1. Looking at segment 250-275, which of the residues that are free of Cβ contacts under 8 Å to residues at least 40 places away in the same chain and of a type in the set (D, E) is surrounded by the most Cβ atoms within 10 Å (Cβ to Cβ)?
2. Select from segment 185-235 the residues that are among the acidic types (D, E) and farther than 21 Å from T247 by Cα and list them in ascending order.
3. Could you tell me whether any residue of segment 101-116 is open to solvent by 60 Å² or more (accessible area, probe 1.4 Å), within 30 Å of V27 (Cβ to Cβ) and of a type in the set (A, V, I, L, M)?
4. Out of all the residues in segment 213-230, which are in contact (Cβ under 8 Å) with a residue 40 or more places away in the chain and touching a strand residue (DSSP E or B) at 6+ places or on another chain (Cβ under 6 Å)?
5. Would you say F146 is touching a Pro at 6+ places or on another chain (Cβ under 7 Å) and assigned to a loop (DSSP other than H, G, I, E, B)?
6. So, M233, is that one touching an Asp or Glu at 6+ places or on another chain (Cβ under 6 Å) and at pLDDT below 95 or not?
7. Check A212 against each of (1) of a type in the set (G, A, S); (2) part of a loop (DSSP other than H, G, I, E, B); (3) touching a Leu at 6+ places or on another chain (Cβ under 8 Å) and name the one condition it does not meet.
8. When you scan segment 183-198, how many residues do you find that are within 21 Å of the chain's Cα centre (by Cα) and open to solvent by less than 40 Å² (accessible area, probe 1.4 Å)?
Amino acid sequence: MAEPVSVAAEYLAGSRARAARTVLGQVVLPGEELLLPEQEDAEGPGGAGERPLSLNAGARSRVRVVCGPGLRRCGDRLLVTKCGRLRHKEPGSGSGGGVYWVDSQQKRYVPVKGDHVIGIVTAKSGDIFKVDVGGSEPASLSYLSFEGATKRNRPNVQVGDLIYGQFVVANKDMEPEMVCIDSCGRANGMGVIGQDGLLFKVTLGLIRKLLAPDCEIIQEVGKLYPLEIVFGMNGRIWVKAKTIQQTLILANILEACEHMTSDQRKQIFSRLAES
């Protein structure tokens with residue numbers, strides 16, 4: 001076990017910082033330093049080059065770069081903190097920059113600000129609900145974080161209820177905080193999930209796969225039975241169909257589709273459609 005660790009250490013010690021554009025989709029290791037394209041205007045032809053990302057750029061910087069999971073800010077540098085594949089998403093304006101993150105497989109969910117998750121209410125402490133989200137510690141949820149909630153009109157939330165919400169505070173130094181409203185104060189589908197249905201857990205990689213815009217699995221599943229389904233970025237899925245049998249079939253399909261090929265899925269869906 002010591003030999004692979006020493007090899008990785010020698011690689012990181014002897015390697016130089018690599019340009020992020022050249023390693024997109026490739027595996028990066030913790031401790032690596034990434035170089036991003038020059039954010040400021042070039043002084044002339046060939047003036048723009050590769051340099052460490054300056055996160056404290058002055059007024060001349062016109063490009064915004066967001067560091068996602070697996071990347072950490074350390075002064076004016078960008079460091080890799082998790083082993084995985086480097087990903088990048090261009091901004092909608094097309095002005096450069098965008099979001100960089102490391103796509104990795106991990107068993108325990110780490111809360112990220114803005115993530116929509118499914119939690120289980122475990123306790124009520126005064127005006128705060130404690131919600132289990134599968135992380136290292138429970139998240140807090142105020143009773144005022146529901147649509148239309150006031151001091152007189154409190155939401156009907158009991159211990160054991162399922163909550164679908166999003167994180168507004170999530171960092172390593174503070175307790176995670178959830179809300180069930182968007183920036184406009186609307187529920188927008190968040191809140192207490194119905195009593196019926198089935199909650200089960202899958203891998204974090206499968207959740208990201210199912211939520212991808214080009215995922216065909218959800219479209220194929222929706223053609224089998226009428227259903228209600230909720231995805232949580234913490235690896236939890238809640239599904240409800242007309243009958244218990246249909247609900248169990250859908251849950252088994254979603255759990256097994258992670259390791260299936262496209263042809264295997266088509267065969268299973270065709271058999272279920274015939275039956």
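The values are calculated or read from the model by the stated rules, or taken from the named source; none is laboratory data. Treat the numbers as computed from the prediction; the structure is a model and nothing was measured. Positions of Cβ are generated from backbone atoms using ideal geometry, with glycine treated the same way; all protein chains shown enter the neighbour counts. Heads up: the accessible areas ignore ligands, DNA and RNA and are worked out on the full protein's heavy atoms, side chains in. Shrake-Rupley method; radii C 1.70, N 1.55, O 1.52, S 1.80 Å.
1. Filtering first and then ranking leaves D263.
2. Within segment 185-235, just D214 meets the criteria.
3. The answer is yes; a qualifying residue exists.
4. Within segment 213-230, just V230 meets the criteria.
5. In short, yes.
6. When the stated conditions are applied, M233 passes them.
7. (3)
8. Counting residues in segment 183-198 that are within 21 Å of the chain's Cα centre (by Cα) and open to solvent by less than 40 Å² (accessible area, probe 1.4 Å) gives 4.
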